[in-house]
Amino acid sequence: MTERSCDVAVIGGGPAGLAAAISAKEQGAKSVLIIERDTSLGGILQQCIHPGFGLFYYNEELTGPEYGGRFIDKVETLGVEKLMDTMVLQVLPEGTIICSNTRDGIVKVTAKSIVLSMGCRERTRGNIQIPGTRPAGVYTAGAAQRLINRQNEMVGKKVIILGSGDIGMIMARRLTLEGAQVIVVVELMDYLTGLIRNRVQCLDDFGIPLMLSHTVTRIVGNKRLEGVYIAKVDDNKKPIPSTEQLFPCDTLLLSVGLIPENELSREAGIEMDSITNGPVVNQHMQTSVGNIFAAGNVVHVNDLVDNVSKESEIAGRAAAKYAMGELPETKRSITCVPGENVRYVCPGRIHLTGEDSEVELYFRVNVPDERVQVLAIHNGKELYKRKAIKVNPGEMEKVKVLTKDLEEGCLKIQVVSEDEYVYG
Ligand SMILES: Cc1cc2nc3c(=O)[nH]c(=O)nc-3n(C[C@H](O)[C@H](O)[C@H](O)COP(=O)(O)OP(=O)(O)OC[C@H]3O[C@@H](n4cnc5c(N)ncnc54)[C@H](O)[C@@H]3O)c2cc1C
């Protein structure tokens, strides 16, 4: 067994891990180590060759590899250490990481603080249990994206996509550009689950139809997929049998949600949020285990990489301060709770230390709504109020509060309709 130690260990070298490592180093941590199971840094960005990254962070429209490349260059310049092609197997709460690779076998890393940034994985056919045969030609959208964009392998010619999330819509455009016929994008909900900009740029611009309130009920085919049955769903999301119709196709892409990669977090005894499936964190992205921080999609699934970079910088800075004994002690803690039409709030806690600061809270709504007020309420007082023309579950929203305004108890975030709404 090989042993090594560092101030801050970052697990995962995607955009979250890269930003966390850079800010930890810039904050003054002497040794920062990224442990990544892939042979190259960049995470999911490596396969996202479409533009749309960095609009807020850089005020530029970059492709995934371009966006990731800027952070990778900085990691190299700052002398962040890397342990590549190395899978983390276990994180022990006292700061020990057990990992393995083919060069060194088992490696034990001891770190003063740890940032978890393992991203998330896609839900599969098994997760949503579509009945039928098990032919070739059924892929998750991200797997198909990796095959086409990184391995130059085309996945099919006549394609149906289940799920109107961003990855599904981006793949609808990508497959069309590669010469496939995308017959339809099918969505269970009665609203789009991804970003509206992706519907416009990836479906509408290419004439790809979107069927809301429909689902795939059966998969047909022996060796290769021959078709799928699609049915309309009722108000309880149950397929209506009389509406079932066979759609011939050779490929089905599933874009039916992402699950944060949290086996390591759970095993480390970290408190988890039952809605996000990620660790509960405070405004420093610190988990319930004080020396372990978390950032990016492992905490909650982000729509924009720009937000991932911003929150990961907070995690990296705080992890460095913790390692150097500079993170202020918590005096009181506020719980951030979802109110009307809010699914979850991240961070779920705000730790009050006596220092005044501004905290940004991210949240998603449960259902789309128009002409609303976004509110942050604390002990009956309105700490934040904003009007919004539209809110959509596919787009993350945020509010800001000042720690000096917080006393004890809960901070509730809610989105309420305004019948008499006047914008402006
Ligand atoms: C298909 C797709 C299209 C997207 N399009 C856009 C877009 O147009 N614009 C935009 O702003 N955002 C987009 N995003 C969102 C953005 O890319 C993600 O939010 C971002 O990549 C999340 O970063 P992350 O570092 O948390 O996760 P990831 O990028 O997934 O990185 C996680 C890393 O952790 C590593 N890892 C995991 N477990 C272990 C382990 N046990 N040991 C070692 N390493 C491990 C993985 O190998 C990976 O490198 C898109 C995302 C996807 C999936």
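The values are calculated or read from the model by the stated rules, or taken from the named source; none is laboratory data. Note that the structure is predicted; figures quoted are calculated from it, not measured. Here the Cβ positions follow ideal geometry from the backbone for every residue, glycine too, while neighbour counts run over all protein chains shown. For accessibility, only protein heavy atoms count, side chains too; no ligands or nucleic acids. Shrake-Rupley method; radii C 1.70, N 1.55, O 1.52, S 1.80 Å.
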* Asked: If you stretched the chain out fully between Glu358 and Arg4, how much longer would it get, using 0.36 nm times the residue separation minus the C-alpha to C-alpha distance?
  -> 123.7 nm
* Structure fact -> Toy charge model, Lys and Arg Cβ at +1, Asp and Glu Cβ at -1: region 232-310 dipole around Cα centroid in debye, rounded to 20, equals 100
* Structure fact -> The answer for the net charge of residues other than Ser31 whose Cβ lies under 11 angstrom from its Cβ, with Lys and Arg +1 and Asp and Glu -1, is +2
* To do: Run through every distinct alpha carbon pair of region 182-277 and return the Kirkwood hydrodynamic radius in angstroms, one decimal place.
  => 15.9
* **Estimated inter-spin distance, Ser274 and Ala143, nm [label 7 Å along Cα→Cβ]** => 3.1
* Mind checking which lysines have their Cα closer than 21 Å to the Cα of Lys404? Skip sequence neighbours fewer than 8 apart in that chain. => Lys331, Lys381, Lys385, Lys412
* **Relative contact order of region 277-424, pairs being alpha-carbon contacts under 8 Å that are 6 or more residues apart, as %** => 23
* Give me the accessible area per residue for the chain, probe 1.4 Å, as a whole number in Å². => 44
* Asked: If you take all C-alpha pairs in the chain, what percent of them are over 35 Å apart?
  -> 33
* Enumerate the residues in region 247-265 having an amide nitrogen under 11 Å from the point lying 7 Å beyond the Cα of Ile196 toward its Cβ. => none
* Asked: When you count, for each residue, the other Cβ atoms within 10 Å and take the mean per peptide, how do 249-260, 362-373 rank with the highest first?
  -> 249-260, 362-373
* Can you tell me the relative contact order of the chain? Whole percent, Cα pairs under 8 Å, sequence separation 6 or more. => 16
* Taking 0.36 nm per intervening residue step and subtracting the Cα-Cα distance, what contour gain separates Thr77 from Gln129 on full extension? -> 14.0 nm
* Structure fact -> Note, Val256: beta-carbon cut-off 14 Å, +1 each Lys/Arg, -1 each Asp/Glu, net +1
* Based on the alpha-carbon gyration tensor of region 294-375 and its eigenvalue square roots a ≥ b ≥ c, which shape applies: rounded if a/c is under 1.5, prolate if not and a/b is larger than b/c, or oblate? -> oblate
* To do: Please give, to one decimal in nm, the separation of the simple spin-label points placed at Glu66 and Gln151, each 7 Å out from Cα toward the Cβ.
  => 2.8
* To do: Using 0.36 nm per residue of separation minus the Cα-Cα distance, give me the extension gain between Ala136 and Arg218 in nm, one decimal.
  => 28.1 nm
* Structure fact -> Place a point 7 Å from the Cα of Asn59 in the direction of its beta carbon; the residues of region 338-377 whose amide N falls under 13 Å from it are none
* Asked: According to the square roots a ≥ b ≥ c of the eigenvalues of the Cα gyration tensor, what is the shape class of region 242-335, taking rounded for a/c under 1.5, prolate for a/b larger than b/c otherwise, and oblate for the remainder?
  -> prolate
* To do: Among DSSP beta bridges lying fully in the chain, give the percent that are antiparallel, nearest 5.
  => 60
* Hey, got the Cα dimensions of region 1-100 along the principal axes, in Å, largest first? -> 43, 28, 22
